[in-house]
Structures are given as structure tokens and as C-alpha cells.
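Participant: Submitted below is the structure of interest, expressed as C-alpha cells.
The values are calculated or read from the model by the stated rules, or taken from the named source; none is laboratory data. The structure displayed is predicted, hence computed values, not measured ones. Note: ideal-geometry Cβ built from the backbone for every residue, glycine included; neighbour counts use all protein chains shown. We work out accessible area using only protein heavy atoms, side chains counted, and drop any ligands, DNA or RNA first. Shrake-Rupley method; radii C 1.70, N 1.55, O 1.52, S 1.80 Å.
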Amino acid sequence: MRSLAEGVGIGWPTYQDWIVCAAAASIVALIWAVAHVLGRLFGHRLADFWTQRAGGRGEEIVSRLCALTRYSAAAFLLAMVLRVDSWRPLGALAIGLALAAASALLVRQLVRGLGMPRWMAALLAGLVGMSLFAHAVGGLEPVTTALDEIGFTAAGHRISLLGVIEFAVTVVALYAIVKLLNRLVGQSIARASNLDPTQRLLVQKLAGLAIVVTAFFVGIDILGIDLTALAVFSGAFGLAIGFGLQKTFGNLIAGIILLMDRSVKPGDVIVVGDSFGTISKIGVRAVSIITRDGKEHLIPNENLMTQEVENWSYSSRNVRIHIKVGVAYDCDLALAQKLMVQAATESQRVLEMPSPSVWLRAFGQSSVDHEILAWVGDPEAGIGSVQSDVLNRLWVLFREHRIALPYPQQDVHIKEWPGPPPPLGD
């Protein structure tokens, strides 16, 4: 083996190299053991902290944070050991390989924990692992030089494989950081007791927008992109915003205004045109309304600014419903009205205060028209079920007390009946 290595120009390790390699392997094993213990000790505490700050799902969060703690500790300790002394090549190879593995596993766990695809996690983990391994055994300069030589020039700008990799890694890393910060900030704002739901939603959206804008400029600075180079396209971009994205920006501004003036908020029951339901979300472009049929209507924010909107829970959640009832002319109206009030009072969703009442509306062609007025405190549950319950109870009460319901009828009065026609011969 030694002669074969010397034949191809590879120096065979000396006795001291093997001793250093064994020492490095022992240190690596010790560090992995310490990292495993640290992961078990601090993983559960970090999981409790994360659950309080950003929410989570029990055992999955615990196992993931234990792994993140373990790989973070291993990578940190291995990096410190690698810089403590000038290791011989074989020892640096062993420590660098362990450092690359720990860092790759750390990146994979972090990216998967943010809900990103497996291929993206594997790609980032591979890039980080190879970069750290190359740096440990001799530096990244040969690798970066080779990658930078592969490329082409377009419009006076050099586009290389190294630049493409840097761009992709920066975008993915910033996306992961933005997603993590959005979750942490969102959960922190959601627990702010001094803000109402509308204010919390507004602050969350403004904070998310600020995080995205900050990440954009940070990415521009990291990649070294000169924004003045884009000045040529500023006019066309402005026209695109003015025409193509007019509705998009209009809905964005309308959504922010709706959240600021608190005219509508999640949980409100509103009517917009033919859409009736509960607001589940106020998004950047549209408001999501869930109807009683389980359908979700997406209404553009601008429509809520320009159209008439009925908000059943703007200042109070109490809503009065109208139930029309007709009785026959020959029945006892006082008893019928008493039974109407009784049927409404016995309904579970009808409020005791304000109490139900009955109004006589009109004397119709075949019935005496009444209207039951009842209040409910949960308009998001709909009003059809209340009307059905009251009418069912009223049907039973009317039958028990012999209150007749009217049938459509029409009286025809004949003032004069003509006699038989004269005979034909007369």
C-alpha cells in the first residue's frame, strides 16, 4: 500500500501522523459524546421555551431541538479544536470531516424544522458540509477559483457558477431566516395582552413587511449588487406598478386601512353583497369569509372600502332577528301573540334580555300578519337555525291551543245573476 501511494506521488503518513490522527479521532469521539449529553440536557428546556414563544407540537419539537442542540454543540467544539493548534494533515482531515458532518446535520435539521422541502435541506446541508471540509483541509480558495472560472459575460457583467451558488445559498438562507423571524415575532405579538385582535393582526403584518424589506436589502448587500445598475429599469418597473399591479397595491393599502380603523376584524359577522359569514382572515389581498355552508369567500379588500358593508358585530354582538307569522282572522289574537312570545323565549339561542316581543304588522288578505322580534348573541352561528327552532315550537303550541293558520282564500260576491237566454224562435 505504501509503495502504491508513493508511486502515484502521495506521501505515506508517518508514525507521528498516525498518532495525531488517533488523538484527533479520540477528541472527535469525546466531543460527540459531550454534545449528545448537552442535547439531552438542554433540548427539553429549549423545547419548552420554543413552545411558549412560537408554538409547536410536543414530541416533534422536543426531538428536533435536542438534535439541533447536539449538532450545534458538536460543530462549535470541533471548530474550536480545529483552531487551537496546527494539526497535521491527517488529524485535520479527521476533525474537518467530523465538523462538516455536524454542520451538515445541523443545517438539515434547521431547514426541515422550518418546513422547507427535503431537497432544499439536503442541498444546503451538502454545500455547508463540503465548504467546511474544504476549509479544514486546506482552504476554499482552490474550490472558489475553479467555480469562478466557469461562467460567461453578458452585458458587461460576469456570471459565474460561484456567483450562482452564492446567490442561491443567500436566497435560501434569507428565506429560512425570514420564516423563522416571522414565526417568532408573530407568536410574540399574538401573546400581547395590551393589544386587541385587530391591532395584533396589524402589527404582525407590518412587522412581517419590515422583516421582508430588511432581508431584501441585507441580501443585496451580501451579494454586492449595485442598485444603480437597475436604474435603467426603474421607469418600466414604475409603469408595471402603476398599471399591472394597481389593484394589488390598492388591496394592500385597503387592508392596512381596514386594520387601522378597526371597522372589520377577524371574528366579525358581515354581509357584503350576496356574501354572509364570519371573517376568518384579513390578508394582504383579500378578506376571507366563511359562510354557514362551509364555503370560503375571498373578497378583495377594496370592495370593503367602496361597497356598503353590514357588520353584525361591530359595536355589539347582539343581533335582532325578524320572524314573520300569520294567523287566521277568527282566532284569539291575544292568545296567539302570547304563544309567539313563549315559543321565542323557550328557544335556547334567544337572549332573555332584551326579551322577545311580537308586533302586529298588517291585516292581510287571508291572515293577520305578525312579526316575532328576538335577539341572539352569537350571529356567527347563523339565524336560520333560530327561526326554524322558534317556528317548530310555535307549530306545536298552535296545535295544542287550536290556533288556526290561514289558508289563501278569496271571497267572490255576485250582485246579479242573469236569467236564462230567450228561445231562438222568439
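Participant: Could you run through region 375-388 and say how many residues are open to solvent by 20 Å² or more (accessible area, probe 1.4 Å) and either among the hydrophobic types (A, V, I, L, M, F, W, C) or at pLDDT below 90 (or both)?
Facilitator: Here the count works out to 8.
Participant: Within region 170-184, how many residues turn out to be open to solvent by 50 Å² or more (accessible area, probe 1.4 Å) and either within 20 Å of GLY224 (Cβ to Cβ) or not aliphatic (A, V, I, L, M) (or both)?
Facilitator: Looking only at that region, the number is 6.
Participant: Considering only residues of region 200-222 that are open to solvent by less than 60 Å² (accessible area, probe 1.4 Å) and either acidic (Asp, Glu) or modelled with pLDDT under 75 (or both), which is farthest from ALA190 (Cα to Cα)?
Facilitator: My answer is LEU202.
Participant: Residue by residue through region 315-356, note down the ones that are of a type outside the set (A, V, I, L, M) and within 15 Å of ASN392 (Cα to Cα).
Facilitator: LYS324, GLY326, GLN342, THR345, GLU346, SER347, GLN348, ARG349
Participant: Cβ-Cβ below 7 Å, separation at least six or inter-chain, first residue in region 89-101 and farther than 8 Å from VAL28 by Cβ and open to solvent by less than 10 Å² (accessible area, probe 1.4 Å), second assigned to a helix (DSSP H, G or I) and modelled with pLDDT of 75 or more: which pairs?
Facilitator: GLY91/ALA23; GLY91/ALA24
Participant: Yes or no: region 385-408 includes at least one residue that is among the small types (Gly, Ala, Ser), under 25 Å from VAL271 (Cα atoms) and in a helix (DSSP H, G or I).
Facilitator: yes
Participant: Using beta carbons and a limit of 6 Å, which pairs, at least six apart or on different chains, have the first residue in region 393-412 and without any contact (Cβ under 8 Å) to a residue 60 or more places away in the chain and the second one of a type in the set (Asp, Glu) and open to solvent by 80 Å² or more (accessible area, probe 1.4 Å)?
Facilitator: Going by the 6 Å Cβ cut-off, the qualifying pairs are ARG393/GLU346.
Participant: Can you say whether GLU296 is out of contact with any strand residue (DSSP E or B) (no Cβ under 7 Å at 6 or more places or on another chain) and touching a residue at least 12 places away in the same chain (Cβ under 8 Å), as far as the supplied structure shows? Steps first, please.
Facilitator: Values: out of contact with any strand residue (DSSP E or B) (no Cβ under 7 Å at 6 or more places or on another chain): no; touching a residue at least 12 places away in the same chain (Cβ under 8 Å): yes.
For GLU296, the condition - out of contact with any strand residue (DSSP E or B) (no Cβ under 7 Å at 6 or more places or on another chain) and touching a residue at least 12 places away in the same chain (Cβ under 8 Å) - is not met.
Participant: Any chance region 165-180 includes a residue that's modelled with pLDDT of 75 or more and of a type in the set (D, E, K, R)?
Facilitator: The answer is yes; a qualifying residue exists.
Participant: I'd like to verify a number: residues in region 263-282 that are loosely packed, with under 14 Cβ neighbours inside 10 Å and not in a strand (DSSP E or B), how many?
Facilitator: Going through region 263-282 one residue at a time, the tally reaches 3.
Participant: Working carefully through the options SER366, SER357, SER316, SER388, find the one that is in contact (Cβ under 8 Å) with a residue 24 or more places away in the chain and among the hydroxyl-bearing types (Ser, Thr, Tyr). Lay out the reasoning, then the answer.
Facilitator: Working: SER357 fails: in contact (Cβ under 8 Å) with a residue 24 or more places away in the chain; SER316 fails: in contact (Cβ under 8 Å) with a residue 24 or more places away in the chain; SER388 fails: in contact (Cβ under 8 Å) with a residue 24 or more places away in the chain.
Testing whether each residue is in contact (Cβ under 8 Å) with a residue 24 or more places away in the chain and among the hydroxyl-bearing types (Ser, Thr, Tyr) leaves just SER366.
Participant: Something else now. Among the residues of region 10-31, is any among the polar types (S, T, N, Q), open to solvent by less than 80 Å² (accessible area, probe 1.4 Å) and either over 30 Å from VAL185 (Cβ atoms) or at pLDDT 80 or above (or both)?
Facilitator: Yes, region 10-31 contains at least one residue that is among the polar types (S, T, N, Q), open to solvent by less than 80 Å² (accessible area, probe 1.4 Å) and either over 30 Å from VAL185 (Cβ atoms) or at pLDDT 80 or above (or both).
Participant: Which pairs do you get when a residue that is more than 10 Å from LEU405 (Cα to Cα), found in region 325-353, comes within reach of a residue that is polar (S, T, N, Q) and assigned to a helix (DSSP H, G or I), reach meaning Cβ atoms under 8 angstrom, with the pair 6+ apart or on two chains?
Facilitator: ARG349/SER385; GLU352/THR345
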